[in-house]
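Student: Pasting a structure here, questions to come.
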Amino acid sequence: MDDAGFIFASYVITFGLVGAYALGVIRRARKSSREVPRDERPWL
Amino acid sequence: MNQTGNDDEIGTSADSLDLSPRPVSARQRRKRRPWPAIIVLLLVVVSGGVVLTKFLTSAIDYYCNVDEIGAKSGCEPGRRLRIQGVVDEGTVKNDGVTTKFNMSFGGESLPVTYDGEPGGIFKECIPVVVHGILNDGVFLGDRVEVKHSNEYEAENPDRVDDEVATAEGTACLQ
Amino acid sequence: MNTSMSKHSPRDRVTGTPFTRGLGVVILAGITLLIILAIFVSPADVNQGESVRIMYAHVPGAWLAYLAFVVTGISSVAYLWKRTRSLTWDRIAGASAEVGVLFMGISLVTGSLWGRITWGTYWTWDARLTTTAFLFVTYIGYLAVRGLGGTHQQRARRSAVLALLAVLEIPLVHFSVQLWNTLHQEASVAGRGTDVEMDGLMLFTLFLGVVVFTLMYVWLVLHRQRSLALDDMLDDSGLDNALTARRAEAQGVAR
């Protein structure tokens, strides 16, 4: 199938982008959290 | 952490607490001019302008149907056109260099010559949009786009012979 | 930096909660199932062949981007409406717009690949593609406006007004396929007629795609909104730190 590359690429890109964004958010949050006291986070 | 203790002392120690403004450091000053955001915003305005121009010049009437050539404003022969029609059954001829076929819409038919082989899911009995110029009754295309419908049907080996009866194929039955 | 503030929390406890962790597990299972159904199990299309499989990422991406932008609009209204001017609404608006831009980007890329193998071209300036590009650019602009600085309330007010204008583009994008001649096909499910012209298993796969993308959206917005709250606290603590430093100086002078 000629289109297999395109089909796989679209799924790799889709979940790759979501995963990269999720990792970026968690990383940045960890960096900021070092200077914010734990008891100020309403979601915990 | 004695954050709250400090807050209580703020009134008592105010006489000795120096609250006068100090010169801002380079780091703080940079923070006040958010260059990344400004640059992105400029790029957004420029590309927004480009997209808007494309919308007004190209997108509103993306194509003319075959029967609208010379009949609808913007579809005058002699200018660059994008024509939509259904590829006529049995008319596709490819000599390796150029592809020739007829396409029709609304009872009118138009011969098309295209240098190369159309990409996508190009085949007979399917609607296409061809970009090009009309010359002596022949449409010289330089770009072929295949339009497909919003109907989705499972491919079934038993049904291959009925293919003409599917959404795109119905055009060939008329 | 004030070291007394840096209390190390368990690594996974920064923006995560038991809820988001459970959600994450469900999402990973959902993605696995979606990929199996989309790429291997669901049937090929009569006209488009195998290329129809890209639809299960492209369409949910576009829908969730619309939803994200609508949520941004609603949160902006909630921010402006309430007299408290709660910054939580502003941060939800910002997080949702960011995730919306991500999903719109995904939809543009997958749509472009899909277009290459069905239409024969990656891109064309028809009404649907052009209005989508405009929507995408608008929300990148919205995110840039959020980054322009000023106080948090200034940021919130500015971006809330912009969000209310930007959300008006969504009907234009959605109905562009009906308003104008386009290369893009009309909507299959939320289209003009009520009858859905799609094979059963294809429709189920598309539905699963929408569910998975919705869960991913919730997970991402929750985390991003919390990370934005941390950033805002960090900005505020900058002032606190400055005051603490001055107090330390003053005490040093007094002694």
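The values are calculated or read from the model by the stated rules, or taken from the named source; none is laboratory data. All values derive from a computational prediction rather than experimental measurement. Positions of Cβ are backbone-derived with ideal geometry, glycine not excepted, and every protein chain shown enters the neighbour counts.
For every residue, the table says whether it meets (1) within 10 Å of chain B (Cβ to nearest Cβ); (2) buried (at least 17 other Cβ atoms within 10 Å of the Cβ); (3) under 21 Å from C:Leu64 (Cα atoms); (4) touching a Cys at 6+ places or on another chain (Cβ under 9 Å).
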{"position": "C:Gly111", "(1), (2), (3), (4)": "no, yes, yes, no"}
{"position": "C:Gly120", "(1), (2), (3), (4)": "yes, yes, no, no"}
{"position": "C:Phe134", "(1), (2), (3), (4)": "yes, yes, yes, no"}
{"position": "C:Ala160", "(1), (2), (3), (4)": "no, yes, yes, no"}
{"position": "C:Ile170", "(1), (2), (3), (4)": "no, yes, yes, no"}
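Student: Please find, among B:Glu117, B:Glu89, the residue that is in contact (Cβ under 8 Å) with a residue 24 or more places away in the chain, of a type in the set (Asp, Glu), in a loop (DSSP other than H, G, I, E, B) and surrounded by fewer than 20 Cβ atoms within 10 Å (Cβ to Cβ). Write out each step before concluding.
Tutor: Working: B:Glu117 fails: in contact (Cβ under 8 Å) with a residue 24 or more places away in the chain.
Checking each option against the conditions leaves just B:Glu89.
Student: Only one of B:Glu155, B:Glu151, B:Glu145 is under 27 Å from C:Val52 (Cα atoms), crowded, with 17+ Cβ neighbours inside 10 Å and at pLDDT 85 or above; which? Let's see the steps before the verdict.
Tutor: Details: B:Glu155 fails: at pLDDT 85 or above; B:Glu151 fails: at pLDDT 85 or above.
After applying the criteria, what remains is B:Glu145.
Student: Would you kindly identify the helices (runs of 4 or more DSSP H) lying entirely within the stretch B:1-55 that contain at least 2 residues that are modelled with pLDDT of 95 or more? I'd like the intermediate steps shown before the answer.
Tutor: Working: elements: B:3-9, B:26-32, B:35-54.
The helices (runs of 4 or more DSSP H) meeting that bar are B:35-54.
Student: Any chance you could count how many residues in the stretch C:12-27 are at the interface with chain A (Cβ under 10 Å from one of its Cβ atoms) and at pLDDT 50 or above?
Tutor: So the first thing to find is which residues in the stretch C:12-27 are at the interface with chain A (Cβ under 10 Å from one of its Cβ atoms), and the list is C:12-17, C:19-20, C:24, C:27.
Applying the additional criterion that residues be at pLDDT 50 or above yields C:13-17, C:19-20, C:24, C:27.
Summing the residues that are at the interface with chain A (Cβ under 10 Å from one of its Cβ atoms) and at pLDDT 50 or above in the stretch C:12-27 gives 9.
Student: When you look at C:Ser86, is it hydroxyl-bearing (Ser, Thr, Tyr) and more than 12 Å from every other protein chain (Cβ to nearest Cβ), yes or no? Explain how you work it out, then say what you get.
Tutor: Numbers: hydroxyl-bearing (Ser, Thr, Tyr): yes; more than 12 Å from every other protein chain (Cβ to nearest Cβ): no.
Considered against the rule, which asks whether it is hydroxyl-bearing (Ser, Thr, Tyr) and more than 12 Å from every other protein chain (Cβ to nearest Cβ), C:Ser86 comes out as no.
Student: Check the stretch C:175-198 and report whether any residue there is surrounded by 15 or more Cβ atoms within 10 Å (Cβ to Cβ), among the hydroxyl-bearing types (Ser, Thr, Tyr) and at pLDDT below 90.
Tutor: yes
Student: I need a count of the residues in the stretch B:126-147 that are touching a residue at least 12 places away in the same chain (Cβ under 8 Å), more than 18 Å from C:Thr182 (Cα to Cα) and in a strand (DSSP E or B). Walk me through how you get there before you give the answer.
Tutor: Of the residues in the stretch B:126-147, the ones touching a residue at least 12 places away in the same chain (Cβ under 8 Å) are B:126-134, B:137-147.
Checking which are more than 18 Å from C:Thr182 (Cα to Cα) leaves us with B:133-134, B:137-142.
With in a strand (DSSP E or B) added as a condition, the list becomes B:133-134, B:138-142.
Number satisfying all stated conditions: 7.
Student: Counting just the residues of the stretch C:162-182 that are free of Cβ contacts under 8 Å to residues at least 12 places away in the same chain and in a helix (DSSP H, G or I), which one comes out farthest from C:Thr72 (Cα to Cα)? Give the derivation first.
Tutor: Residues of the stretch C:162-182 free of Cβ contacts under 8 Å to residues at least 12 places away in the same chain: C:165, C:168, C:171, C:175.
Then keep just the ones that are in a helix (DSSP H, G or I); that gives C:165, C:171, C:175.
Values: C:Leu165: 11, C:Pro171: 15, C:Phe175: 20 Å.
Among residues in the stretch C:162-182 that are free of Cβ contacts under 8 Å to residues at least 12 places away in the same chain and in a helix (DSSP H, G or I), the one farthest from C:Thr72 (Cα to Cα) is C:Phe175.
Student: Being of a type in the set (A, V, I, L, M) and at pLDDT below 85 is true for just one of C:Val221, C:Val253. Which residue is that? Please lay out each step first, then the result.
Tutor: Details: C:Val221 fails: at pLDDT below 85.
Selected residue: C:Val253, the only one of C:Val221, C:Val253 that is of a type in the set (A, V, I, L, M) and at pLDDT below 85.
Student: Taking the stretch B:28-70 as the search range and keeping residues that are small (Gly, Ala, Ser) and under 18 Å from B:Val129 (Cα atoms), which one is surrounded by the fewest Cβ atoms within 10 Å (Cβ to Cβ)? Quick ask: steps written out before the conclusion?
Tutor: Keep residues of the stretch B:28-70 that are small (Gly, Ala, Ser), which gives B:37, B:47-49, B:58-59, B:70.
Okay, now just the ones that are also under 18 Å from B:Val129 (Cα atoms), so B:58-59, B:70.
Numbers: B:Ser58: 16, B:Ala59: 25, B:Gly70: 11.
Per the stated criteria, the residue is B:Gly70.
Student: Determine, yes or no, whether B:Gly96 is small (Gly, Ala, Ser) and in a loop (DSSP other than H, G, I, E, B).
Tutor: Here the answer is yes, as B:Gly96 does meet what is asked.
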